[in-house]
Amino acid sequence: MTSKKISVGVVPLGDIPEFDLQVIVDHIIGCFKLVAQILPRFEPPGNALDERRLQYNAGIIIETMEAMQFSNYDKVIGVLDKDLFIPIFTHVFGEARQGGKCGLVSLYRLAKNPDGSIPPESSINERAAKVALHELGHLLDLLHCERKKCLMHFSGGIDEVDEMSLDLCEYCTVYLQDKLR
Ligand SMILES: [Zn+2]
Ligand SMILES: [Zn+2]
C-alpha cells in the first residue's frame, strides 16, 4: 500500500508570523504524513469584508483562492488573523468545502480563552494546528465525527477546540488512509 504524496501549501493571508505558519506545516507533515510548505503571502480580498458585521466572509476568500493558480499543490490552507464568518454562523475558526482544494484558518478567536483571558502562545499554536488539520481533513473528504476527542469533531467554541485532540479517531484514521490510497 503506497500513499500518494499529496502536497499542501500553507499561505499567509496578510502579515502572519512565520512561526505560526511553520507550526501548521509541521503538523501537516507530522500528523497527516503529507508534504507541506509555506507559500508567498497575499492580502485577503477586500470584497470579503462585510462592512456590517466587520468580519470576513470565508466563502468569498475561499472562492478567491480557488481562482488562483496553486498548480503545484493539491490542497491549500490559508491562514489569516481576521474574524471569519459564514452566513449561518456568527463566526467560524476555519472553513473548507468538502473535498475542495482550499481551506481557511483564522487565528483571531484562537488567541483568547472562553473567559476572556489570554492563553500562552503555545496553546494558540496548538489550536491553530488543530483547526488547520480539521479543515484539511474536510479537503481530503473527511466528514464530521461524533467522537469529542477526534480531530474531525465539530467545534463551535474554543473549549471544544481544546477538548479535541490532534489525532483522528480509529474510524477517521481508516477513512483517511482509504482516501489517500
Ligand atoms: Zn468541520
Ligand atoms: Zn473521528
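When the square roots of the Cα gyration tensor eigenvalues are ordered a ≥ b ≥ c, the ratio a/c for the range 25-142 is 1.5 or more and a/b does not exceed b/c, which makes its shape oblate. Cysteines in the chain lacking any other cysteine Cβ under 4.7 Å from their own Cβ: Cys31, Cys102, Cys172. For the residues Gly103, Gly116, Gly46, a GNM of the chain with alpha-carbon springs under 10 Å puts the largest fluctuation on Gly116. Entry comment: accessible area of the chain is 51 Å² per residue, from protein heavy atoms only and a probe of 1.4 Å. For the chain, DSSP calls about 25 percent of its internal beta bridges antiparallel.
Quick check: the distance between the Cα centres of the range 157-181 and the range 59-117, to the nearest angstrom? The range 157-181 and the range 59-117 have Cα centres spaced 18 Å from each other.
Multiplying the residue separation of Asn72 and Arg52 by 0.36 nm and removing their Cα-Cα distance gives an extension gain of 3.5 nm. For the options Asp15, Asp26, Asp167, a Gaussian network treatment of the chain with springs between C-alpha atoms closer than 10 Å singles out Asp15 as fluctuating the most.
The GNM of the chain, with springs linking C-alpha atoms under 10 angstrom apart, assigns the highest mean-square fluctuation among Leu136, Leu84, Leu13 to Leu13.
May I ask which residue of Ser122, Ser165, Met65 lies farthest towards the positive end of the charge dipole of the range 7-180, with charges of +1 (Lys, Arg) and -1 (Asp, Glu) on Cβ and the Cα centre as origin? Result: Met65.
Estimated from helices alone, the mean residue ellipticity of the chain at 222 nm is -10500 deg cm²/dmol (sum of -39500 (n - 2.57) over DSSP H runs with n ≥ 4, per residue).
Between Ser117 and Asp159, full extension at 0.36 nm per residue minus the direct alpha carbon distance yields a gain of 13.8 nm.
The values are calculated or read from the model by the stated rules, or taken from the named source; none is laboratory data. As the structure is a computational prediction, the values presented were derived from the model and not from experiment. When we count neighbours, we look across all protein chains shown, and the Cβ atoms used for this are built from the backbone with ideal geometry, even at glycine. SASA here: full protein model, heavy atoms, side chains in, ligands and nucleic acids out. Shrake-Rupley method; radii C 1.70, N 1.55, O 1.52, S 1.80 Å.
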